[in-house]
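One structure below.
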Amino acid sequence: MTLLLLLLLLFTTHLHLCIAVSSSSDNFKLATYSPGDAVPISCLNRTLESGEHVTDEHGILQYVPFLTCTETGRPLELRYLSEDPLNCTVKAISDDTFHLWEFYIHNDSPLSCRVPARPQSGDRHITGDVGIEDGEWIPFVISLTGKLDLTHLHISTTINVILHTGVFSQDSTELLYPGTIDSATAYSVSPNVDSTRIIIGDDLPLRFNVRWYTGTDLPLSDSAVNDWGKNRCYGEHVTLSTLMYCILTAICTSIACTAWFLGFEFPKRLRRVRIGSVAGSGYALSSNNGGGGGGGGKGVYAAPTNGVSGPGGGWYTKKD
């Protein structure tokens, strides 16, 4: 009896453990982004004196939300899988913000930010403490380009953002870790063309061009297909523009060949045929006349002395 109770207790404990593991696994699987979900951006907090990063009492790097955007009234956020242009205007930058951006432009202290690999709250909550550096944060460094002056800054305010989601399996047929962020980066573009002059108190208009890619590979250039990376590289060499180019090339080549043949080659061949026809008629007429042609016999052709003759055949020589 005691043995039976012990076995029953072990079975119950094992069942509870299996349920707990299954529940934890379900929570982990639910911690994924859906299209359009907000992806918050937080950046390292730095000192104004030297630009060094700030740590808390536990020695952990301190992150603060990105600057607040006038368009939304919230710190800058990305939208999962959304590639719509994102505008973020920082209203009347303060003296502290201005000096921090001097560090960023000079690259003494890069604008080092991060994004959560998975959602941190809501229905897709992940269990455990994700505030500690446990691998659920993806580094997101924004490389800014500009120029420092004594009284103002020149900042390239157009920024390209590239993010990778999930990873394909070895056979490239199954997407591992869907609904997550794998890596991210951002950089300024066109510093010599699109540069904004900023002083303390000015608005800082930032424009972000966002692209999302599935897996670790980038598509080939000039790709217009966008279905989250699966078909970005497939069939892009056979596009409408390429097909139209081939058709126009074939049409132009046909017109050129036809014009050359009708304007040069065909008249040339026609002249040869006419000359040959006229010469052949002259030979036949002289042969039929039997050497009695007019004009004192000049230019009259007769049968050769070697005895080769006959209508339509043989060679004719000019009579001496």
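Annotations for the structure displayed:
- Strands (runs of 3 or more DSSP E) lying entirely in the stretch 48-112 (those with 1 or more residues that are surrounded by 12 or more Cβ atoms within 10 Å (Cβ to Cβ), touching a residue at least 60 places away in the same chain (Cβ under 8 Å) and touching a strand residue (DSSP E or B) at 6+ places or on another chain (Cβ under 7 Å)): 77-79, 86-90
- Flag if D123 is modelled with pLDDT under 90, loosely packed, with under 14 Cβ neighbours inside 10 Å and of a type outside the set (K, R): yes
Residue-wise test of (1) farther than 22 Å from E77 by Cα; (2) at pLDDT below 80; (3) not assigned by TED's automatic domain parsing to the domain that holds L148.
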position	(1), (2), (3)
T185	no, no, no
I198	yes, no, no
D203	no, no, no
L206	no, no, no
V210	no, no, no
T214	no, no, no
P219	yes, yes, no
D222	yes, yes, no
V225	yes, yes, no
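- Filter result for G51 (within 18 Å of F103 (Cα to Cα) and in the same structural domain as Q120 (by TED's automatic domain parsing)): yes
- Restricting L4, L9, L111, L17 to residues that are hydrophobic (A, V, I, L, M, F, W, C), modelled with pLDDT under 95 and under 22 Å from L153 (Cβ atoms) narrows the list to L111.
- Residue, farthest from the chain's Cα centre (by Cα), within the stretch 20-37, restricted to residues that are of a type outside the set (F, W, Y), surrounded by 13 or more Cβ atoms within 10 Å (Cβ to Cβ) and modelled with pLDDT of 70 or more: A31
The values are calculated or read from the model by the stated rules, or taken from the named source; none is laboratory data. Quick caveat: nothing in here was measured; it's all calculated off a predicted structure. Please note: Cβ atoms are built from the backbone with ideal geometry, for glycine as well, and neighbour counts cover all protein chains shown.
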